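Enquirer: One structure, pasted below without further comment.
The values are calculated or read from the model by the stated rules, or taken from the named source; none is laboratory data. These numbers were taken from a predicted model, which means no experiment stands behind them. Here the Cβ is made from the backbone with ideal geometry for all residues, glycine too, and neighbour counts use every protein chain on show.
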Amino acid sequence: MERVPNTSATIETDAISLDRRKFLGQSVGALAGLSALSLPAFATDANAPAAAQGKRSGVVVVGMSQEPTAFNPLMPGVECDEVIWTNVFSTLWTAEPDGSLRPDLAIEIPTEANGGIADGGKTWTVKLRSDVLWHDGTKFTADDVKYSIELISAPGFRSRARIGHSLVKEIVVKGPFEITWHMERAYSPYFALLANTQMVPKHILGKAADPNTAPFNNAPVGTGPFKWGTRTPGDNITLIANERYYGKGPFLEKVVLKYIPDLTALYTQFRTGQVDFVPVPGIPANYYQEASKLPGRKIALSTNGNLEVVMPNLDNKAFADRAVRQALYTALDKQAIIDAIYYGVMKPTESFMPMESWSYFPGLPKQTKNVAAANKMLDAAGWMKGSNGMRSKNGVPLEFNMSTTTGNVLREQCQQLIMQDWQEIGVSMKIKNMPAAIIWGEFYSRSQFQSLLVGTSFRTGADPDPANRFSSGAIPLKGGSGGNYMQWSNPAADKLMAEGEATFDQARRKEIYRQLQIIVREELPILPLFQYSVIEGMKDNLLGYRPNVNQRQNCWNMNEWSWKKKV
């Protein structure tokens, strides 16, 4: 990701008196979840001829509240960047909405039956399509796959995540369109991980003096259905149809990703027709009823695998105390937040696992607000109230900042309600929000925050493995590679995650992740608020939208989008 120094002015707010009743509105029921996640269903027909292309026509304007800034898909980025990655680049296979894997660059999914998996899961062989071109016309081959996987684990490369990929050894190109590798140990999440790992061109990045700073990172070349067009920083990115795409579509001439950081302004442009589609984080819940009645518009409540959480930095002396995290969580009125701010659309949860996952454990203790219990927890842990009503321990005040994206009105309101809840137990929280390009840069990935209000996922693609987010080996500031920005370390959790990765037995894995969910609920390295039900909006003549709980954004299949022809 393009890193922006943390020098921008921030908004720092003391406790703000807020009448909860101002936010109360009529609750609306969320739609039922999408198809449950499952182990991959292995299809084998990727080389079937693409559908007749027809004439490409039309432009779709996608309104985005955050600006994509990370264009190399192997480097750190966030959900909005994945709109670029999934449309400019390709993966070996793709996770479909029902949890199955569809071959993409690969001809088939490797299995023991077809000889693609051997040696107890340690040896993989992948056969590739022979009809794929990079956007510059160069032939895609197995050398590109080898280069991409090796680059992820290369010393000095600023990789998005090395966990899983670092197990790959002895990569051998057996021919232009066949590759094999050996893994140090069996690693079942690798199917899902590769479904979220885009391939990059060896003939371009391999020649760069430093892939971290290569010109490619600002003008990417992929094999996907859309080519990089133009970028106006702070305003928009244009993607152009790849006329030599090997798969279905694209049916549009181009897509414009329009950056509108204020969610109210974004909704206004959707209402007036300037924006054709609004993806995650979607339309603010307070506009849900109005949006549902707009002529010429369709509204979809799509289940999303992301969770809204309070993410504490456990390097902070207060957050390092488990009793503090438990007390903070106990003092929250989560249901009031969901009802008052999100109009009842979101789903309260106690787990880091999406409810649709086969590994989800519904038996975790349900959180309810209990101020008396929270106060007892803090008293017992030695965090005592002073004359001002605020708590401290050994001279360390129980105070911290909470940050999120400037302009996200609902999150800003949520912060204020949380601040009120925590004031009741003698905790001082201040709001310190920043623009998206700053907060989700090194402030996030280098754990410079004190606490965050953030929406994110804790899986490995469609697989329930959360090691990239919870493993002690995934802490960037401690030499790891991954997304454990909370800096949580728990030996029992590490052991369970290692066991879950080593077996392909779903029943065994389900029990492992049940135990892990119990530990995380007890330790609270994150404070879960709710699972997303995203209110996405589109013009009613836009075809091809397919929500996918196994993707972090629903622009994943823009190659299938088209405008309904006028009769």
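Enquirer: Which of the residues that make up region 100-113 are in contact with a helix residue (DSSP H, G or I) (Cβ under 9 Å, 6 or more places away or on another chain), assigned to a loop (DSSP other than H, G, I, E, B) and buried (at least 19 other Cβ atoms within 10 Å of the Cβ)?
Expert: LEU105, ILE109, PRO110 - these are the residues of region 100-113 that are in contact with a helix residue (DSSP H, G or I) (Cβ under 9 Å, 6 or more places away or on another chain), assigned to a loop (DSSP other than H, G, I, E, B) and buried (at least 19 other Cβ atoms within 10 Å of the Cβ).
Enquirer: Then there's this: Pick from region 534-546 the residues that are modelled with pLDDT of 90 or more and buried (at least 20 other Cβ atoms within 10 Å of the Cβ): which of them is farthest from TYR485 (Cα to Cα)?
Expert: Filtering region 534-546 down to residues modelled with pLDDT of 90 or more leaves 535-546.
This time we only want the ones that are buried (at least 20 other Cβ atoms within 10 Å of the Cβ), so: 535-538.
Details: ILE535: 28, GLU536: 29, GLY537: 32, MET538: 34 Å.
Result: MET538.
Enquirer: Specify which of the listed residues (PHE251, PHE216, PHE319) is outside any strand (DSSP E or B) and closer than 22 Å to THR197 by Cβ. Steps first, answer last, please.
Expert: Details: PHE251 fails: closer than 22 Å to THR197 by Cβ; PHE319 fails: closer than 22 Å to THR197 by Cβ.
Step by step, each of PHE251, PHE216, PHE319 is checked, and only PHE216 is outside any strand (DSSP E or B) and closer than 22 Å to THR197 by Cβ.
Enquirer: Please work out which residue is farthest from GLY58 (Cα to Cα), limiting yourself to region 529-547 and to residues that are more than 19 Å from the chain's Cα centre (by Cα) and assigned to a strand (DSSP E or B).
Expert: GLY537
Enquirer: Something else: I'd like to verify a number: residues in region 434-477 that are polar (S, T, N, Q) and surrounded by 23 or more Cβ atoms within 10 Å (Cβ to Cβ), how many?
Expert: Filtering region 434-477 for residues polar (S, T, N, Q) gives 445, 447-448, 450-451, 456-457, 460, 468, 471-472.
Applying the additional criterion that residues be surrounded by 23 or more Cβ atoms within 10 Å (Cβ to Cβ) yields 451, 460, 468, 471.
Adding up the residues that qualify gives 4.
Enquirer: In region 114-143, which residues are of a type in the set (A, V, I, L, M, F, W, C), outside any loop (DSSP other than H, G, I, E, B) and touching a His at 6+ places or on another chain (Cβ under 9 Å)? Break it down stepwise before answering.
Expert: Taking region 114-143 and keeping what is of a type in the set (A, V, I, L, M, F, W, C), we get 117-118, 124, 126, 128, 132-134, 140, 142.
From what's left, outside any loop (DSSP other than H, G, I, E, B): 117-118, 124, 126, 128, 133, 142.
Result: TRP124, single match.
Enquirer: Would you call SER188 touching a helix residue (DSSP H, G or I) at 6+ places or on another chain (Cβ under 8 Å), closer than 12 Å to LEU74 by Cβ and either surrounded by fewer than 20 Cβ atoms within 10 Å (Cβ to Cβ) or polar (S, T, N, Q) (or both)?
Expert: Numbers: touching a helix residue (DSSP H, G or I) at 6+ places or on another chain (Cβ under 8 Å): yes; closer than 12 Å to LEU74 by Cβ: no; either surrounded by fewer than 20 Cβ atoms within 10 Å (Cβ to Cβ) or polar (S, T, N, Q) (or both): yes.
It is false that SER188 is touching a helix residue (DSSP H, G or I) at 6+ places or on another chain (Cβ under 8 Å), closer than 12 Å to LEU74 by Cβ and either surrounded by fewer than 20 Cβ atoms within 10 Å (Cβ to Cβ) or polar (S, T, N, Q) (or both).
Enquirer: Can I ask one more? Which one of these is surrounded by fewer than 16 Cβ atoms within 10 Å (Cβ to Cβ), touching a residue at least 12 places away in the same chain (Cβ under 8 Å) and in a helix (DSSP H, G or I): ALA327, ALA291, ALA373?
Expert: Working: ALA327 fails: surrounded by fewer than 16 Cβ atoms within 10 Å (Cβ to Cβ); ALA291 fails: surrounded by fewer than 16 Cβ atoms within 10 Å (Cβ to Cβ).
Checking each option against the conditions leaves just ALA373.
Enquirer: ILE84 passes all but one of (1) touching an Asp or Glu at 6+ places or on another chain (Cβ under 8 Å); (2) modelled with pLDDT of 95 or more; which number fails?
Expert: Only one criterion is unmet by ILE84, namely (1).
Enquirer: In addition: Just a yes or no: is a residue in region 347-368 on the phi > 0 side of the Ramachandran plot, assigned to a loop (DSSP other than H, G, I, E, B) and in contact with a Ser or Thr (Cβ under 9 Å, 6 or more places away or on another chain)?
Expert: We begin by selecting, within region 347-368, every residue on the phi > 0 side of the Ramachandran plot; these are none.
Scanning region 347-368 turns up no residue that is on the phi > 0 side of the Ramachandran plot, assigned to a loop (DSSP other than H, G, I, E, B) and in contact with a Ser or Thr (Cβ under 9 Å, 6 or more places away or on another chain).
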